[in-house]
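Notes follow once the structure below has been shown.
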Amino acid sequence: TGGGPQLGVLLARVFQGIQGQDEATCGRVLDAVKTAFARVPVGFQQEFVRQAADPILEALREERNPVITGNVAGLIRQMASAIIPFGEYRLASRLIMALSALLQSLEAADSRTAVLTEVLERPLEPAIQKILVEDLRSADSGRQEHAAQLLGGFGAGAMPALIDIIKSVGDLRVRQLSAALLAQLGQGAAKAYKKELVRDITADEHVRMLEV
């Protein structure tokens, strides 16, 4: 439990060690890291992620096997989500944006594209969605900025949350910001938005959606 330089050295060795290994070996190593992370007391998880960030992002960049890439990406997303409740937005954004950046850099035919897309399209956990929505609605510009960065980074996984904000929040500025983030998600988001408009929603929700 806890962290510090020794943990950082250990994690660096672990993630360097999976490079070039077969899927089964990497799977066992990553499962062990997930288990260790789950056992870290809540107050120390942020330090674990701080120490893991550099080596796990390096492992993600260097990996070419799609199965291993998907497992590493899933662990990165899990770590990012775990530290959001503690206000570690900068580090969480760094982790999530690294996934997005790698995905954007790959050719469509690259076998890693599908697995990274799947990881980023996983719906936001309800507790995380609630935190980010509250911060996006905040009068604190810093909290708003960090929430917007994370919602944008989560990509399609944040789509339901962004649509819900537009439907339910009275503040036009917040709805316009959410609509801008939604627009960045492309045609899939546009189709989901149009589908929501024709659902059985309240008159107020319909007006809010049309206003943006």
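The values are calculated or read from the model by the stated rules, or taken from the named source; none is laboratory data. All of these numbers come straight from a predicted model, not from anything done at the bench. We place every Cβ from the backbone using ideal geometry, glycine too, and count neighbours over all the protein chains shown. All accessible areas refer to the heavy atoms of the entire protein, side chains included, with ligands and DNA or RNA removed. Shrake-Rupley method; radii C 1.70, N 1.55, O 1.52, S 1.80 Å.
Laid out as a table, the results:
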quantity: Residue under evaluation THR117, criteria (1) farther than 29 Å from PHE37 by Cα; (2) among the β-branched types (Val, Ile, Thr); (3) surrounded by fewer than 19 Cβ atoms within 10 Å (Cβ to Cβ), criterion not met; calculated: (1)
quantity: Enumeration of residues in the range 81-94 that are free of Cβ contacts under 8 Å to residues at least 60 places away in the same chain, buried (at least 19 other Cβ atoms within 10 Å of the Cβ) and within 14 Å of GLY152 (Cβ to Cβ); calculated: ALA92
quantity: Of residues in the range 120-134 being free of Cβ contacts under 8 Å to residues at least 40 places away in the same chain and in a helix (DSSP H, G or I), the one surrounded by the fewest Cβ atoms within 10 Å (Cβ to Cβ); calculated: PRO126
quantity: Options LEU30, LEU11: the member that is over 20 Å from the mean Cα position of the chain (by Cα), touching a residue at least 24 places away in the same chain (Cβ under 8 Å) and open to solvent by less than 40 Å² (accessible area, probe 1.4 Å); calculated: LEU11
quantity: Test: ILE163 is open to solvent by less than 30 Å² (accessible area, probe 1.4 Å), of a type in the set (Val, Ile, Thr), part of a helix (DSSP H, G or I) and within 25 Å of VAL42 (Cα to Cα); calculated: no
quantity: Residue that is surrounded by the fewest Cβ atoms within 10 Å (Cβ to Cβ), among those in the range 33-55 that are over 24 Å from VAL67 (Cβ atoms) and among the aromatic types (Phe, Trp, Tyr); calculated: PHE44
quantity: Residue in the range 57-64 that is open to solvent by 10 Å² or more (accessible area, probe 1.4 Å), more than 29 Å from PRO41 (Cβ to Cβ) and either in contact with a Leu (Cβ under 8 Å, 6 or more places away or on another chain) or among the hydroxyl-bearing types (Ser, Thr, Tyr) (or both) present; calculated: yes
quantity: Some residue of the range 140-160 being modelled with pLDDT under 90, farther than 20 Å from LEU197 by Cα and not in a helix (DSSP H, G or I); calculated: yes
quantity: Residue identified as surrounded by 14 or more Cβ atoms within 10 Å (Cβ to Cβ) and touching a residue at least 40 places away in the same chain (Cβ under 8 Å) among LEU182, LEU177; calculated: LEU177
quantity: Subset of the range 135-146 that is of a type in the set (D, E, K, R) and open to solvent by less than 90 Å² (accessible area, probe 1.4 Å) - its residue that is farthest from THR69 (Cα to Cα); calculated: ASP140
